[in-house]
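First the structure, in the form of structure tokens, and then the observations on it.
The values are calculated or read from the model by the stated rules, or taken from the named source; none is laboratory data. It should be emphasised that the depicted structure is a prediction, and the values quoted were computed from it without experimental measurement. Cβ sites come from the backbone with ideal geometry, for glycine too, and all protein chains shown count toward neighbours.
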Amino acid sequence: MAKRTYGDEFGFATRAVHTGNDVDAETGAIRRPITMANSYELPYDPSDINWSSAAANLYTRNGGSNQKYLQEKIASLEGAPDCVALASGVAALSGLFFSLLRAGDHVVFAKVTYIAAYRLLHELLNNKFGVETTIVDTTDPDAVRAAIRPNTKLVHIETPGNPTISITDIAQMAEIAHAHGALLSVDNTFASPFNQRPYELGADLVVESLTKYINGHGDAMGGAVIGRPAELDVIRAQAQVNLGGTISPFNAWLIMRGCVTLPLRMRQHNESAMKVAEWLEGRRGVRFVSYPGLPSHCGHEIAARQMKPGFGGMMSFGLDADHDTHNKFVAALRVITSAVSLGHDESLIAFLGEDDERQYLYPEEFHGGFFRFSVGLEDVEDIIADLDGAFRAVGM
């Protein structure tokens, strides 16, 4: 049977189900198996093989079958020509930065970013390898233009940003970066490709923590960089083969399985988060709610333009209360789990206190401590009732 392909003529959900999957040639199974092998058989004369090549199955650190199936699916969902899947979202970030930047290059990056991106750019690459970096409010295009230098190689943003849920205009950032000869990379983890496809909006490189929404079940770890082969071949050779950031076959298989239901899950995340955000915004005792679906969010108009069909399942909110009351609030929850990560089937909440070293980068309303909240797939009435019960438990 010829290999089945699923291109742009098919919808997102159809591609989520079928792309990267095919009938197994050996068994006839309609689901590709996990290939838990470190090595693949060599040809009769292997003497001219490039042992660092990722082009053919050779050694699983160089790339394996399950990884390649997953890459095909993710590239299709992102609307991009190529993808490299790595061991985690941080492996994807570090792989991108390490592979494409050199000493003396300059990076402009968003003041609201995942802590690992902040560490990599603000500390490790800066201090250890001489990559110059500037932190900027990427919601302000004039600030980005002012920060760019002749040696700026990359502009890196997150939208929605972690953890304050800031919104940056992707198309505008692409225009600014490209006008100065720089690349634009976008961490799309909080949105997922169901809600937002940065490559189609002009980004050169897209980063996804596959651990989060794309897997969706809290049981596998992976990351991906999506873009053009010109950049991804460098990342594949350096971050995957030479640094060894390869995703395991089992994790690739689990994420391949998980992302089949991405469209269904994201519709529910979008719907439930909107209802929860509206409820929180009207609840006495809430200091602020940051969710891009709310008209009160300063980035709502941009989000409505670039996030379709929904605004995701992530929000932040704070209480009109002291530090300990925030912790007591979390302790009173019965349905919502206090844990890091996001995009799982279960709702997750984390209290970020006033001593966060990046507090000075956040808007003033976040300075009293706040929650990062990932709205899950439970009945939304139960989520809201759980929050209401916690409010009552702390006397609010």
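Observations, loosely collected:
- Residue within the range 345-363 that is β-branched (Val, Ile, Thr) and either touching an Asp or Glu at 6+ places or on another chain (Cβ under 6 Å) or farther than 20 Å from residue 272 by Cα (or both) present: no
Let's see how each residue does on (1) surrounded by 21 or more Cβ atoms within 10 Å (Cβ to Cβ); (2) closer than 27 Å to residue 267 by Cβ; (3) in the same structural domain as residue 223 (by TED's automatic domain parsing); (4) in contact (Cβ under 8 Å) with a residue 40 or more places away in the chain:
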{"residue": "311", "(1), (2), (3), (4)": "yes, yes, no, yes"}
{"residue": "316", "(1), (2), (3), (4)": "yes, yes, no, yes"}
{"residue": "332", "(1), (2), (3), (4)": "no, no, no, yes"}
{"residue": "339", "(1), (2), (3), (4)": "no, yes, no, no"}
{"residue": "367", "(1), (2), (3), (4)": "no, no, no, no"}
{"residue": "377", "(1), (2), (3), (4)": "no, yes, no, yes"}
{"residue": "380", "(1), (2), (3), (4)": "no, yes, no, yes"}
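- Residue in the range 29-37 that is without any contact (Cβ under 8 Å) to a residue 60 or more places away in the chain, of a type in the set (Ser, Thr, Tyr) and either within 23 Å of residue 259 (Cα to Cα) or not in a helix (DSSP H, G or I) (or both) present: no
- Only a single item in (1) without any contact (Cβ under 8 Å) to a residue 60 or more places away in the chain; (2) surrounded by 20 or more Cβ atoms within 10 Å (Cβ to Cβ); (3) not β-branched (Val, Ile, Thr) is not met by residue 202, and it is number (2).
- Of all residues in the range 250-272, at least one satisfies being farther than 18 Å from residue 342 by Cβ and surrounded by 24 or more Cβ atoms within 10 Å (Cβ to Cβ).
- Only listed residue being aliphatic (A, V, I, L, M), in contact (Cβ under 8 Å) with a residue 40 or more places away in the chain and touching a Cys at 6+ places or on another chain (Cβ under 8 Å), chosen from 85, 16: 16
- Number of the exception - residue 298 against (1) surrounded by fewer than 18 Cβ atoms within 10 Å (Cβ to Cβ); (2) within 30 Å of residue 217 (Cα to Cα); (3) more than 21 Å from the chain's Cα centre (by Cα): (2)
- Figure legend. Inter-residue proximity from the range 223-246: first residues free of Cβ contacts under 8 Å to residues at least 40 places away in the same chain and under 13 Å from residue 83 (Cβ atoms), second residues of a type outside the set (Val, Ile, Thr) and crowded, with 24+ Cβ neighbours inside 10 Å, beta-carbon distance below 8 Å, spacing 6+ or different chains. No pairs are indicated.
- A count restricted to the range 226-268 and to residues that are charged (D, E, K, R) and not in a helix (DSSP H, G or I) stands at 1.
- Considering only residues in the range 233-278 that are of a type in the set (Val, Ile, Thr) and over 20 Å from the mean Cα position of the chain (by Cα), the one that is farthest from residue 20 (Cα to Cα) turns out to be 276.
- Taking the numbered list (1) in contact with a helix residue (DSSP H, G or I) (Cβ under 8 Å, 6 or more places away or on another chain); (2) of a type in the set (Asp, Glu); (3) farther than 30 Å from residue 174 by Cβ in turn, residue 281 passes all entries but (1).
- You will find that of 230, 203, the residue that is under 18 Å from the mean Cα position of the chain (by Cα) and hydrophobic (A, V, I, L, M, F, W, C) is 203 and no other.
- Scanning the range 93-143 for residues that are in a helix (DSSP H, G or I) and of a type in the set (Lys, Arg) yields 119, 128.
- Subset tally (residues that are under 19 Å from residue 163 (Cβ atoms) and polar (S, T, N, Q)) for the range 90-141: 3
- Residue that is farthest from residue 352 (Cα to Cα) [pool: residues in the range 160-190 that are small (Gly, Ala, Ser) and in a loop (DSSP other than H, G, I, E, B)]: 181
- In the range 191-221, residue farthest from residue 250 (Cα to Cα) [restricted to those that are part of a loop (DSSP other than H, G, I, E, B) and in contact with an Asp or Glu (Cβ under 9 Å, 6 or more places away or on another chain)]: 202
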